[in-house]
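K.L.:
Sharing a structure here in structure tokens format.
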Amino acid sequence: MNLTRRGFIKGAGVTAGAMAISSAIPLPAWAEAPTGTILTAGRWGAMQVEVKDGKVISSKGALAKTIPNSLQATAPDQVHSNARVKYPMVRKGFLAAPGKPDGKRGSDEFVKISWDDAMKLIHEQHMRIRKEHGAASVFAGSYGWRSSGVLHKAQTLLQRYMSLAGGYSGHLGDYSTGAAQVIMPHVVGSVEVYEQQTTYPVILEHTQVVVLWGVNPLNTLKIAWSSTDEQGLEFFNQLKSSGKTVIAIDPMRSETIEFFGDKAQWLAPNMGTDVAMMLGIAHTLVTKSMHDKAFLDKYTTGYNRFEDYLLGKNDKTPKTAAWAEAICGIPAQQIELLAEIFSKNRTMIMGGWGMQRQQYGEQKHWMLVTLAAMLGQIGTEGGGFGFSYHYSNGGNPTRSGGVLSAISATVAGTSSAGNDWASSSAVSSFPLARIVEALEKPGSKYQHNGHEMAFPDIKMIWWAGGANFTHHQDTNRLIKAWQKPEMIVISECYWTAAAKHADIVLPITTSFERNDLTMTGDYSNQHLVPMKQVVPPQFESRNDFDVFADMSELLKAGGRKVYTEGKEEMDWLREFYDAAQKGARAQRVAMPLFSQFWQDNKLIEMRKNDKNEKFIRFAEFRADPVINPLGTPSGKIEIFSKTIEGFKYADCPAHPTWLAPDEWKGNAKEGQLQLLTAHPAHRLHSQLNYAKLREQYAVANREPITIHPEDAKARGIANGDLVRAFNSRGQILVGAVVSDGIKQGIVCIHEGAWPDLDPATGICKNGGANVLTLDIPSSRLANGCSGNTALISIEKYTGPALTLTAFDPPKGESAKVG
Ligand SMILES: Nc1nc2c(c(=O)[nH]1)N[C@H]1C(S)=C(S)[C@@H](COP(=O)(O)OP(=O)(O)OC[C@H]3O[C@@H](n4cnc5c(=O)[nH]c(N)nc54)[C@H](O)[C@@H]3O)O[C@H]1N2
Ligand SMILES: Nc1nc2c(c(=O)[nH]1)N[C@H]1C(S)=C(S)[C@@H](COP(=O)(O)OP(=O)(O)OC[C@H]3O[C@@H](n4cnc5c(=O)[nH]c(N)nc54)[C@H](O)[C@@H]3O)O[C@H]1N2
Ligand SMILES: [Mo]
């Protein structure tokens, strides 16, 4: 996570005071069951939610749009799913002997306990572990896409509590852009992946060729980290009818490529071979003298070292188009044609992130920037490259007006000596995707971005707002490592696989059961939206905020007040709103008083900013690289990095390099296929897997696998068949979609299906892709995840019928309120 994904607030000083821990279940917010239509929001946008007699009956998007968003209709399922965690639950073997638990995580039964008992149990064991093993033994990195909102931020609220408790082990980086966000600062001095792009209006006006290099915006723009402003999809719709040349480079005919139809050219390279393909284009540019030498001289450093490699001066292998063809599978003539098209037109290369979620993922984005530099269009109107056109509407111009702040992971003002028990934050952090290795080899040393670091010895884990059993690679290895800590607590709304593998499970409200605020657009800040509670908390669920506030009271009398700074839900929201209002006033944008805004239950649209509409990324650098240098050591684009050379990493050389991954087409054994784990259209990762929407994509009641007709035929698999996909790491059941929309030799299983392992056979009955993926770092530079690196085999499934249990609550939780 980086700063643009987080809010930060500096609040007033704190006074500790006595406050009783609230033991009662929170009362419904209404005396009578609510009925009506209420405006609220989720990651998938502002929504009107219809409620009748206390039940959510429908929901739909609140902003006008031309492309529908399937996720916006899911509120009834989200609130009323049978997969909801209804009560605090404890694993039987853990409850029997909390200090020395028996039974096994993941197969033991759960028993219901009261909130007070659950919190007391956690508190006692937490204090014991902390005392015996220190703050670093408590992992609260807790990565994940918890619901939208500036107050009810699960991970932040957990860390706020852990800070008061004396610190914790946190994480570095994320699963999204793990590789790119570490290499990009070496190359262009900024993370790039979470930054405002040259705007959509500028692209529509000036760009002649749009290259969609491994991007699927029709799918990924359905959501945003805050809440989608929905302008990105409108842009792609306009792009489609603009008559501009659109070239999509993707091993799969994605939703976006389907959407463009004959208005786009689809090129399908082998997975993970993009660096080779780009080198082939680069080589063509040089041999035909189409590269921009003046740009390279003025704005980059180290190009000559790279060119030696490109031309094969040292390794005797010129990276020609023909050389590239043998690796990426795109005909040399097409590669040469691309070089010509790119260099003769105003070209914007939009790069996605799936290709960097691989072993050596760093090289992809580095090479893409290098290619763009050779074309010499970086910083021009509509030319260059961009890594966030497909994410959070990165090309929507920033508006003028109010911007919300958010609750922070540390209590404000607690660094003063009088309150030092409340002042610490993360005491150690490790790259997030290395968590299993940390559990397997506590204390062991590893390299990260030029530093030698050591893993903490984790004894306790508290996860809030993430689904790590779905998001992490090599599930079976994870399950084994997960047995090691002494206590695992999870705060969840649903019985995910992670919840089923915890010791204590706390039922948390969905965003429809509490009040919050959000902005739309991570970059645009286009609207400020009230996230008004629509129904009372379901069953015994509570807000993360209240849970951690109560846990803080157990830390020390008066701790609740320290945690909350004496403010309850609506006090915080009013404060965040008032600060936004003040900021808006400074920009001469009027916002109503909070009370009026809340009562109106309407979103506020911020004012367009003419200057921002024309924003061009790197324009200032291009205008004067001496006055406006980049944040790299040389101030220029680094095509060869002396810093990285100094690290001496064979897995991340000092200039963009083609490196063959451990598992890919080039070393596949007979019958093996490469696995693509693209992001799902009708989910946000694992979120909504239980929803009715699943009926639209499930095949034979399983997660679909897309297979090329030739690959299916060779294995006697027909459309709709049950398929077993497997490798040495595990096996899963999926439903066959036979389609020419994928490159032969590759199959796609979308990430995010909830692991559902059959105890007898070990087969994941719900097609969890990560059961098959490789848990290795992208490289020692970034330690990103490699979720898109794996070889698998497939066959028609002929074993015994296996009933899907992914969405069933565990035994011991009755559906009745009791
Ligand atoms: N193979 C492979 N693996 C991947 C990827 C890939 O492309 N391929 N993609 C990776 C990427 S980019 C990412 S970002 C990760 C995503 O991984 P996650 O972000 O962990 O996935 P989500 O399914 O969004 O999990 C969010 C969880 O938070 C819970 N939740 C929602 N609201 C609240 C709340 O208010 N409080 C609490 N306590 N919980 C709440 C939800 O029920 C859900 O279980 O997956 C990664 N894994
Ligand atoms: N609906 C929906 N939207 C989402 C998400 C979601 O789960 N659902 N997740 C959100 C999150 S957290 C993130 S990080 C972003 C993810 O955004 P991305 O990482 O960009 O999304 P992916 O689907 O992993 O990959 C994008 C495209 O790259 C292609 N691709 C994969 N490997 C390669 C390769 O080696 N070469 C080439 N050329 N192409 C390749 C895939 O086929 C896919 O079409 O999306 C966000 N938006
Ligand atoms: Mo992500």
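The values are calculated or read from the model by the stated rules, or taken from the named source; none is laboratory data. A quick note: this is a predicted structure, and the numbers were derived from the prediction, not measured. All Cβ positions, glycine included, derive from the backbone under ideal geometry; neighbour counts span all protein chains shown.
K.L.:
Of (1) within 29 Å of the chain's Cα centre (by Cα); (2) exposed (fewer than 14 other Cβ atoms within 10 Å of the Cβ); (3) assigned to a helix (DSSP H, G or I), Leu573 satisfies all except one. Which?
P.N.:
Result: Leu573 passes all but (2).
K.L.:
So Gly99 clears everything in (1) touching a Pro at 6+ places or on another chain (Cβ under 9 Å); (2) under 24 Å from Ala481 (Cα atoms) except one condition, right? Which one?
P.N.:
Tallying (1) touching a Pro at 6+ places or on another chain (Cβ under 9 Å); (2) under 24 Å from Ala481 (Cα atoms), Gly99 fails exactly one: (1).
K.L.:
Report yes if Phe306 is among the aromatic types (Phe, Trp, Tyr) and within 16 Å of ligand 2 (Cβ to nearest atom), otherwise no. Steps first, please.
P.N.:
Values: among the aromatic types (Phe, Trp, Tyr): yes; within 16 Å of ligand 2 (Cβ to nearest atom): no.
Against the criterion (among the aromatic types (Phe, Trp, Tyr) and within 16 Å of ligand 2 (Cβ to nearest atom)), Phe306 does not qualify.
K.L.:
Please list, ordered by first then second residue, the pairs with beta carbon atoms under 8 Å, 6 or more apart or interchain, first in the stretch 383-412 and in the same structural domain as Tyr577 (by TED's automatic domain parsing) and at pLDDT below 95, second of a type in the set (Ser, Thr, Tyr) and assigned to a loop (DSSP other than H, G, I, E, B).
P.N.:
From residues that are in the same structural domain as Tyr577 (by TED's automatic domain parsing) and at pLDDT below 95, the pairs are Ala409/Ser425; Thr410/Ser423; Thr410/Ser425.
K.L.:
Here is a further query. Checking the condition more than 16 Å from ligand 1 (Cβ to nearest atom), modelled with pLDDT of 95 or more and on the phi > 0 side of the Ramachandran plot, which residue from Gly666, Gly646, Gly635 passes?
P.N.:
Going through Gly666, Gly646, Gly635 in turn, the sole match is Gly635.
K.L.:
Do we find that Lys131 is without any contact (Cβ under 8 Å) to a residue 12 or more places away in the chain and assigned to a helix (DSSP H, G or I) in this structure?
P.N.:
Details: without any contact (Cβ under 8 Å) to a residue 12 or more places away in the chain: yes; assigned to a helix (DSSP H, G or I): yes.
Yes: the conditions hold for Lys131.
K.L.:
Evaluate the following for Met355: is it within 16 Å of ligand 3 (Cβ to nearest atom), of a type outside the set (S, T, N, Q), surrounded by 19 or more Cβ atoms within 10 Å (Cβ to Cβ) and part of a helix (DSSP H, G or I)? Before you say what the answer is, go through the steps one by one.
P.N.:
Details: within 16 Å of ligand 3 (Cβ to nearest atom): yes; of a type outside the set (S, T, N, Q): yes; surrounded by 19 or more Cβ atoms within 10 Å (Cβ to Cβ): yes; part of a helix (DSSP H, G or I): yes.
Answer is yes for this residue.
K.L.:
Given the condition within 16 Å of ligand 3 (Cβ to nearest atom), in contact with a strand residue (DSSP E or B) (Cβ under 9 Å, 6 or more places away or on another chain) and part of a loop (DSSP other than H, G, I, E, B), answer yes or no: does some residue in the stretch 153-172 qualify?
P.N.:
no
K.L.:
Out of the residues in the stretch 134-148 that are outside any loop (DSSP other than H, G, I, E, B) and of a type outside the set (Ser, Thr, Tyr), state the one that is farthest from the chain's Cα centre (by Cα).
P.N.:
Quick first cut of the stretch 134-148, residues outside any loop (DSSP other than H, G, I, E, B) only: 135-139.
Those left that are additionally of a type outside the set (Ser, Thr, Tyr): 135-136, 138-139.
Working: Ala135: 27, Ala136: 25, Val138: 23, Phe139: 19 Å.
Filtering the stretch 134-148 for residues that are outside any loop (DSSP other than H, G, I, E, B) and of a type outside the set (Ser, Thr, Tyr), the one farthest from the chain's Cα centre (by Cα) comes out as Ala135.
K.L.:
Tell me the helices (runs of 4 or more DSSP H) entirely within the stretch 173-232 that contain at least 2 residues that are at pLDDT below 95 and near ligand 2 (Cβ under 9 Å from one of its atoms).
P.N.:
Details: elements: 180-188, 200-206, 217-220.
Because the criterion is at least 2 residues that are at pLDDT below 95 and near ligand 2 (Cβ under 9 Å from one of its atoms), no helices (runs of 4 or more DSSP H) in the stretch 173-232 meet it.
K.L.:
For the stretch 143-172, give me the residue count where each residue is among the small types (Gly, Ala, Ser) and within 16 Å of ligand 2 (Cβ to nearest atom). Please lay out each step first, then the result.
P.N.:
If we filter the stretch 143-172 for residues that are among the small types (Gly, Ala, Ser), which is where we start, we get 144, 147-149, 154, 163, 165-167, 169-170.
Next cut, within 16 Å of ligand 2 (Cβ to nearest atom) only: 144, 147-148, 154.
Count: 4.
K.L.:
Residue check, His750 against (1) more than 22 Å from the chain's Cα centre (by Cα); (2) within 12 Å of ligand 1 (Cβ to nearest atom), all met but one. Which one?
P.N.:
Condition (1) is where His750 drops out.
K.L.:
Can you name every residue in the stretch 59-92 that is surrounded by fewer than 18 Cβ atoms within 10 Å (Cβ to Cβ) and not β-branched (Val, Ile, Thr)?
P.N.:
Lys60, Ala64, Lys65, Pro68, Ser70, His80, Asn82, Lys92
K.L.:
Please give the strands (runs of 3 or more DSSP E) falling wholly within the stretch 656-753 in which 1 or more residues are among the small types (Gly, Ala, Ser).
P.N.:
On the way: elements: 673-676, 704-707, 722-727, 730-738, 746-748.
Once the strands (runs of 3 or more DSSP E) in the stretch 656-753 are filtered for at least 1 residues that are among the small types (Gly, Ala, Ser), what remains is 722-727, 730-738.
K.L.:
Name the one entry in Ala502, Ala579 that is surrounded by fewer than 17 Cβ atoms within 10 Å (Cβ to Cβ) and hydrophobic (A, V, I, L, M, F, W, C).
P.N.:
Numbers: Ala502 fails: surrounded by fewer than 17 Cβ atoms within 10 Å (Cβ to Cβ).
Checking each option against the conditions leaves just Ala579.
K.L.:
Moving to a separate point now. Determine if the stretch 323-336 includes at least one residue that is loosely packed, with under 14 Cβ neighbours inside 10 Å and either hydrophobic (A, V, I, L, M, F, W, C) or not assigned by TED's automatic domain parsing to the domain that holds Gly280 (or both).
P.N.:
yes
K.L.:
Now for a different question. Of the residues in the stretch 686-705, how many are over 14 Å from Asn766 (Cβ atoms) and either within 17 Å of the chain's Cα centre (by Cα) or within 10 Å of ligand 2 (Cβ to nearest atom) (or both)?
P.N.:
Number satisfying all stated conditions: 1.
K.L.:
Going residue by residue through the stretch 503-526, is there one that turns out to be within 16 Å of ligand 3 (Cβ to nearest atom), over 22 Å from Leu757 (Cα atoms) and touching a residue at least 24 places away in the same chain (Cβ under 8 Å)? Steps first, answer last, please.
P.N.:
Residues of the stretch 503-526 that are within 16 Å of ligand 3 (Cβ to nearest atom), as a first pass: 522.
In the following step, the residues that additionally are over 22 Å from Leu757 (Cα atoms) were identified as 522.
Cutting the leftovers down to touching a residue at least 24 places away in the same chain (Cβ under 8 Å) gives us 522.
Yes: one or more hits.
K.L.:
Within 29 Å of Ser728 (Cβ to Cβ), modelled with pLDDT under 95 and buried (at least 18 other Cβ atoms within 10 Å of the Cβ): which single residue out of Leu478, Leu432, Leu439 fits that description? Full working, then the answer.
P.N.:
Numbers: Leu478 fails: modelled with pLDDT under 95; Leu439 fails: modelled with pLDDT under 95.
Among Leu478, Leu432, Leu439, only Leu432 is within 29 Å of Ser728 (Cβ to Cβ), modelled with pLDDT under 95 and buried (at least 18 other Cβ atoms within 10 Å of the Cβ).
K.L.:
From the list Ser147, Ser142, which one is crowded, with 20+ Cβ neighbours inside 10 Å, at pLDDT 95 or above and within 16 Å of ligand 3 (Cβ to nearest atom)? Can you show your working first?
P.N.:
Working: Ser142 fails: at pLDDT 95 or above.
So the residue among Ser147, Ser142 that is crowded, with 20+ Cβ neighbours inside 10 Å, at pLDDT 95 or above and within 16 Å of ligand 3 (Cβ to nearest atom) is Ser147.
K.L.:
Right, another one. Which condition number in (1) more than 14 Å from Lys459 (Cβ to Cβ); (2) away from ligand 1 (no atom under 16 Å from the Cβ) is the one that Leu172 fails?
P.N.:
It is condition (2) that Leu172 fails.
K.L.:
Regarding Glu540, is this residue surrounded by fewer than 24 Cβ atoms within 10 Å (Cβ to Cβ) and in contact with a strand residue (DSSP E or B) (Cβ under 9 Å, 6 or more places away or on another chain)?
P.N.:
Values: surrounded by fewer than 24 Cβ atoms within 10 Å (Cβ to Cβ): yes; in contact with a strand residue (DSSP E or B) (Cβ under 9 Å, 6 or more places away or on another chain): yes.
It is true that Glu540 is surrounded by fewer than 24 Cβ atoms within 10 Å (Cβ to Cβ) and in contact with a strand residue (DSSP E or B) (Cβ under 9 Å, 6 or more places away or on another chain).
K.L.:
Do you know which residues across the stretch 389-411 are more than 19 Å from Glu568 (Cβ to Cβ) and among the small types (Gly, Ala, Ser)? Walk me through it before giving the result.
P.N.:
Of all residues in the stretch 389-411, those more than 19 Å from Glu568 (Cβ to Cβ) come to 389-403, 409-410.
Correct list: Ser392, Gly394, Gly395, Ser400, Gly401, Gly402, Ala409.
K.L.:
Then there is this: Condition (residue is more than 16 Å from ligand 1 (Cβ to nearest atom) and under 17 Å from Gly384 (Cα atoms)) applied to the stretch 305-327: is it met by at least one residue? Write out each step before concluding.
P.N.:
As a first pass, look at the stretch 305-327 and keep what is more than 16 Å from ligand 1 (Cβ to nearest atom): 305-327.
From what is left, the residues that are under 17 Å from Gly384 (Cα atoms) are none.
No: zero hits.
K.L.:
Hey, can you tell me all the residues within the stretch 565-600 that are among the polar types (S, T, N, Q), under 22 Å from Ile407 (Cα atoms) and in contact (Cβ under 8 Å) with a residue 60 or more places away in the chain? Break it down into steps so the answer makes sense when it comes.
P.N.:
First, the residues of the stretch 565-600 that are among the polar types (S, T, N, Q): 581, 587, 595-596, 599.
If we keep only those that are under 22 Å from Ile407 (Cα atoms) too, we end up with 581, 595.
Within the stretch 565-600, just Gln581 meets the criteria.
K.L.:
Contact list please: Cβ distance under 8 Å, first residue in the stretch 533-550 and on the phi > 0 side of the Ramachandran plot and β-branched (Val, Ile, Thr), second residue surrounded by 23 or more Cβ atoms within 10 Å (Cβ to Cβ) and at pLDDT 95 or above, pairs at least six apart or on different chains.
P.N.:
none
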